[in-house]
Structure formats: C-alpha cells, structure tokens
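S.K.: Right, I'll just put the structure down here and ask away after.
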Amino acid sequence: MIIKKEADQIISYLEDTSNLKFGNADAVYIPKNEAEVLQTIKEARRNNTPLTASGAGTGTVGGRIPAGGAIISLEKMNNIISIDKKNSKAVLGSGVILDYFLKELDSKKLFYPPFPTERMAFIGSNVATNASGEYSYRFGATRKYVERIRVALSTENILDIRRGQYIADEQGIITSPFFKVKIPAYRSPNIKNAAGYFAKPGMDLIDLFIGSEGTLGIITEVELKLIPALPPRSIMIIFLDQLEVHTKGEAVASGDLLLTGLEKDNGILKLINSIKNNKKLNVYSIEYFDANSLGILKKAFPNIPSCQTALYIEQEKKEMDIWLEILEKYSVVDTWFGDNARDYNKLIDFRHKLPELINEYFREIKQTKVAIDIAVPENYFPELFYFYREMAKTTAVEYVIFGHIGENHLHFNFFPKNEQEKEQAIASYIKAVKKAVQANGTVSAEHGIGKLKHKYLAMMYGREGVMEMARVKKTIDPFYLFGLDNIFPKKLLQD
Ligand SMILES: Cc1cc2nc3c(=O)[nH]c(=O)nc-3n(C[C@H](O)[C@H](O)[C@H](O)COP(=O)(O)OP(=O)(O)OC[C@H]3O[C@@H](n4cnc5c(N)ncnc54)[C@H](O)[C@@H]3O)c2cc1C
C-alpha cells in the first residue's frame, strides 16, 4: 500500500471544487484492495484518527476535504472487474474513473444511464453522492442503477449488500450481519435529491449507503445496471425572448400552476410544459440558461445571439415538424441544431462549459460559491421560478440562473465580490431554502450536504431529523471513524 506523509504529497488531497481551505490530514493511504482498506481502517482505529474517503475531488461541498486525521484514497482500486453484456451489468472497483468506464461501455454498445455530468469523478464517489447527470430527467440518478455494493465498515468487516437482501421491517429496523439499524422516521422527498440519508418505509439497506457521503463506510466495489447503447441523438438550443410569466396571484389562484396562469402570456414554463407533455417527442434533457449565463458562455461561444434565455434540449431525433408547431407561439431569436457528430459534440460542450467557467471564476476571485441547489415538486415549480425571477430583479450581487429545469431544479449561483455581498447572497440563499422546504422539496438536489450545508439540512428535516441521521451513523460507524463532519457535525452526537 502507498502511504503519503509529506505535506507536499498530501496537499492536493485537501481540496475539491468548493474552494474550502480548512483541510488538514497527517497521511494519505492508497490501498490496492479490500485487505488494504481494512488494514487502513485498523490503523486509523489504533491511532484513534478519523478517516475521510477521497475520490477525484470534483465534489462541490467539501465532502472529501478532511477535517483532520487521515485520508483513504480509492484511486488504485480502479479496475473494471467485469462487464456482462448478456445480463446488462458491470462490477467495478470504487476508484474507476467514470470517463474510462463510459468509453469501455461504448466499445461494447452499452450505456450507464445516470451518466453523471463530471466525467473525471470516481464511480464509488458517484454512489457515495448519488450523483446525477445530463439524462437524469429521463433516467433518474445513480441510486436507481446500483444493484450491489461492498462496504468496509469501521468494525473491520466487509458488508456485501445486494439490492433486496436487507429490507426494513414494519418497525423500521434493518438487520444486517454486523448491525441492526433503525431507519429515520422522516421521508426523503420523491424528487431529485442528494440531501442527507435516504429514508422511506420498507427501504433497502443499500439505499442508506447510497448518497451517505462517506459517513457510514468505505465503498470498495459496486455492481451497476446497464442498458443498451443509446440511439443517435440530436441537440437543439432555442434562444428565446418573451419571458413573461404569470403573476404570483394568478398562479396561486389557478390551482393548476403549470397550465392555467401561463396560458395568457406564453411564458417559458408553458413552453416547457408543452415539451414535457408531447408524447411524440423523445426528450433526454431540458436545460435552462438565463441571459447572464449566456453572457458568460459568450467567452466560449461568441455567436450566441442577444436574447433573454435559452433552452437546451437533447432528444432522440430531430422531429422538426413537431418543433415548428410547438415553437410558433414563442418569440424564438435563433435555433442551433447539433445532429451530426461534430455539431452534436460542440453543443454538448455548450452545456458543460458553464459550470466549468463558473468554477474557474470562483477560483480566480478566491471566493466560496453561494450556489443554490434546491429542487421542488413539479406543481410548485412555477412559484419557485417566479421567486427566482423576483430575486434576480432585486439582488445587487452578480448571479446566473441555469440548470435542470426539466427536473424542477435550477441553480441560482451568486458571485459575491466581498463579505458584504456574500452576506446578501447568503440571505437570499436562505430565503430560497425556506421556499424549497415549504414546498416539500430538497435543499440539495445534486451537490450533497458535505461540510457546507449542515444548517440547511436541519431546515429541511428539523433538528430531530438530523439527530436521527446521527443515530444511524452511531449504529453503523460506532467509532465515528468515517467522513468527519460530513452531513452533520460530530458534536451533534456528543450533545
Ligand atoms: C463541473 C462539475 C459539474 C458537476 N455536476 C454534477 C451533477 O450534475 N450532478 C451531481 O450529482 N454532481 C455533480 N458534480 C459534483 C461531483 O462531480 C459529484 O458529487 C461526484 O460524484 C464526486 O465524485 P469525486 O470522485 O470527485 O468525489 P470526491 O469529491 O472526491 O468525494 C465526494 C464525496 O464522496 C465520498 N467518497 C468518495 N469515495 C468514496 C468511497 N469509495 N466510499 C465512501 N465515500 C466516498 C467523499 O468522502 C466525499 O464525501 C459536479 C462537479 C463539477 C466540478
């Protein structure tokens, strides 16, 4: 096993894309197999030091940044153990880089539907964060495709969990060979969600580990469901003006928020609704870009026209006649198509470029991101969209609004330039989180809680909900070894 102890060898493991600067650790352990993972755990227990799992460091909430102790990096557990085309499944070491896996699948005409956006991430971390991706509108997030995991526990055991094997009984107890755990009484919202431990009556133990952000054990191996390679797809970017949306009063009075209040003014939500409801279209993703996002993207795509907004749609084929019919009611400024390999890849880049440019900008201005990641149930989305637009009109802080509008999940990112602006941005952030909580939504649809969002998780589930998570952790990781301060602070367990 490789063990790095020199400060200059450790430094690159002390960061992710959150730009948080508190990270410190005494050593990085890099096991090659499960036996070495267990050896690392034994050593950490002997030294009484916490152990933080590290993937590729593409996380955005400081999850892999250690708050002391040691790091366990899964980078050498990077073998694809098998790809079984006949049974549409793959077994992988935790440290396999997603991009490498996807290319292997490509060569075998297979596909991994969650298709997480950040391709340099490790597959084990994708499971630990329940990562989602560009097609989650169509296929859902990682959770749906995880069939089996192997996890190293702090009790120095390997727990092999196959979906369906360990299920909560009527009292909410899951019995495994190494522990009995009572699942939390709260219910995870039935929407895109990456906030805290998953909980639902009759749930599967595997779902407790998926999205647990390295706090319950070290995932060493995963088995994933696959599907046949996707048919050829095309991308369309629709640049639009005429963005009027309903007034709040109309929307609330209408009862049917998506359809009624919007009919009068041809707002963008009505357009999205027509796309979603059109059975003839075979859509994989619907993404939104506001005017400020387009302004940033102009650095990479100078021919973006002047307009108020753009929708990015990926679909199975270019159904031109249907689109003409849908779009004739809207003020379309320009439309770009990518339906040959070259143009398709160029437009894929359009979608990926914005988060990259935003992260670069944050690094440049040396600020921590104030990035809203809430999602709400579909019937509440018009209300949230209206709220975002009002917030955009009134804030003095630079911002962009973009993201997964098809999943009722938009990122409102603030770019505060100084502490005063940061305070304003955080005040707006808290208002948005309250909106999401009121609507039974989530405070984090995809980035997770990590070390950045404890207080928002408490707003979502209440203190008791977070205490329940802490009790789950205490049962499964009685030595409080893993993921110190991820999801909730350690002191919660000591209160
Ligand atoms: C440009 C960009 C776009 C992104 N887009 C998305 C997106 O669309 N959807 C989305 O969900 N995320 C997105 N992310 C966030 C990030 O890519 C995902 O969370 C990803 O799954 C993290 O993988 P990683 O290997 O970099 O993990 P890291 O950042 O290294 O770690 C993430 C967390 O997983 C834990 N962990 C890592 N490995 C293990 C293991 N083997 N066992 C237990 N715990 C482990 C860590 O302790 C940490 O808490 C994006 C990030 C960037 C930079």
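S.K.: Tally up the residues in the stretch 48-59 that are surrounded by fewer than 24 Cβ atoms within 10 Å (Cβ to Cβ) and either touching a residue at least 12 places away in the same chain (Cβ under 8 Å) or within 14 Å of the ligand (Cβ to nearest atom) (or both), please.
M.R.: Matching residues across the stretch 48-59 total 5.
S.K.: Just for strands (runs of 3 or more DSSP E) wholly inside the stretch 53-94: which have at least 1 residues that are more than 20 Å from Ala152 (Cβ to Cβ) and assigned by TED's automatic domain parsing to the domain that holds Leu224?
M.R.: Counting at least 1 such residues, we get 80-84, 89-93.
S.K.: Filter the stretch 60-78 for residues that are among the hydrophobic types (A, V, I, L, M, F, W, C) and surrounded by fewer than 20 Cβ atoms within 10 Å (Cβ to Cβ) and give the result.
M.R.: The answer is Ala67, and nothing else.
S.K.: Right, something else. Which one of these does Ser82 not meet: (1) within 21 Å of Pro232 (Cβ to Cβ); (2) modelled with pLDDT of 95 or more?
M.R.: If we test Ser82 against (1) within 21 Å of Pro232 (Cβ to Cβ); (2) modelled with pLDDT of 95 or more, just (1) comes out false.
S.K.: OK, next. Is it the case that Arg187 is in contact (Cβ under 8 Å) with a residue 24 or more places away in the chain, among the charged types (D, E, K, R) and surrounded by fewer than 21 Cβ atoms within 10 Å (Cβ to Cβ)?
M.R.: No.
S.K.: Against the definition (more than 16 Å from the ligand (Cβ to nearest atom), in contact with a strand residue (DSSP E or B) (Cβ under 7 Å, 6 or more places away or on another chain), assigned to a helix (DSSP H, G or I) and among the aromatic types (Phe, Trp, Tyr)), how does Tyr344 come out, yes or no? Steps first, please.
M.R.: On the way: more than 16 Å from the ligand (Cβ to nearest atom): yes; in contact with a strand residue (DSSP E or B) (Cβ under 7 Å, 6 or more places away or on another chain): yes; assigned to a helix (DSSP H, G or I): yes; among the aromatic types (Phe, Trp, Tyr): yes.
Here the answer is yes, as Tyr344 does meet what is asked.
S.K.: For Ile161, only one of the following conditions fails: (1) of a type in the set (A, V, I, L, M); (2) crowded, with 17+ Cβ neighbours inside 10 Å; (3) away from the ligand (no atom under 15 Å from the Cβ). What is its number?
M.R.: Among (1) of a type in the set (A, V, I, L, M); (2) crowded, with 17+ Cβ neighbours inside 10 Å; (3) away from the ligand (no atom under 15 Å from the Cβ), the lone unmet condition for Ile161 is (3).
S.K.: Can you tell me which residue in the stretch 83-125 is nearest to the ligand (Cβ to nearest atom), limited to those that are without any contact (Cβ under 8 Å) to a residue 60 or more places away in the chain and within 18 Å of Val151 (Cβ to Cβ)?
M.R.: Gly95
S.K.: Check Phe22 against each of (1) part of a helix (DSSP H, G or I); (2) over 16 Å from Ala128 (Cβ atoms); (3) of a type in the set (A, V, I, L, M, F, W, C) and name the one condition it does not meet.
M.R.: The one condition Phe22 does not meet is (1).
S.K.: I'd like to check something: does the stretch 167-182 contain any residue that is in contact with a strand residue (DSSP E or B) (Cβ under 9 Å, 6 or more places away or on another chain) and within 13 Å of the ligand (Cβ to nearest atom)? Spell out how you get there, then give the answer.
M.R.: Taking the stretch 167-182 as the starting set, the residues that turn out to be in contact with a strand residue (DSSP E or B) (Cβ under 9 Å, 6 or more places away or on another chain) are 167-169, 171-182.
Then keep just the ones that are within 13 Å of the ligand (Cβ to nearest atom); that gives none.
There is no residue in the stretch 167-182 that is in contact with a strand residue (DSSP E or B) (Cβ under 9 Å, 6 or more places away or on another chain) and within 13 Å of the ligand (Cβ to nearest atom).
S.K.: For the stretch 126-149, how many residues are buried (at least 24 other Cβ atoms within 10 Å of the Cβ), more than 6 Å from the ligand (Cβ to nearest atom) and assigned to a loop (DSSP other than H, G, I, E, B)?
M.R.: So the count comes out to 2.
S.K.: Among the residues of the stretch 1-34 satisfying the criterion of being within 15 Å of Met77 (Cα to Cα) and within 16 Å of the ligand (Cβ to nearest atom), which is surrounded by the most Cβ atoms within 10 Å (Cβ to Cβ)?
M.R.: It comes out as Pro31.
S.K.: Within the stretch 88-120, how many residues turn out to be crowded, with 20+ Cβ neighbours inside 10 Å, under 16 Å from Ile219 (Cα atoms) and either modelled with pLDDT under 95 or touching a Ser or Thr at 6+ places or on another chain (Cβ under 6 Å) (or both)?
M.R.: Summing the residues that are crowded, with 20+ Cβ neighbours inside 10 Å, under 16 Å from Ile219 (Cα atoms) and either modelled with pLDDT under 95 or touching a Ser or Thr at 6+ places or on another chain (Cβ under 6 Å) (or both) in the stretch 88-120 gives 1.
The values are calculated or read from the model by the stated rules, or taken from the named source; none is laboratory data. All values derive from a computational prediction rather than experimental measurement. Every residue, glycine among them, receives a Cβ derived from its backbone with ideal geometry; neighbour counts consider all protein chains shown.
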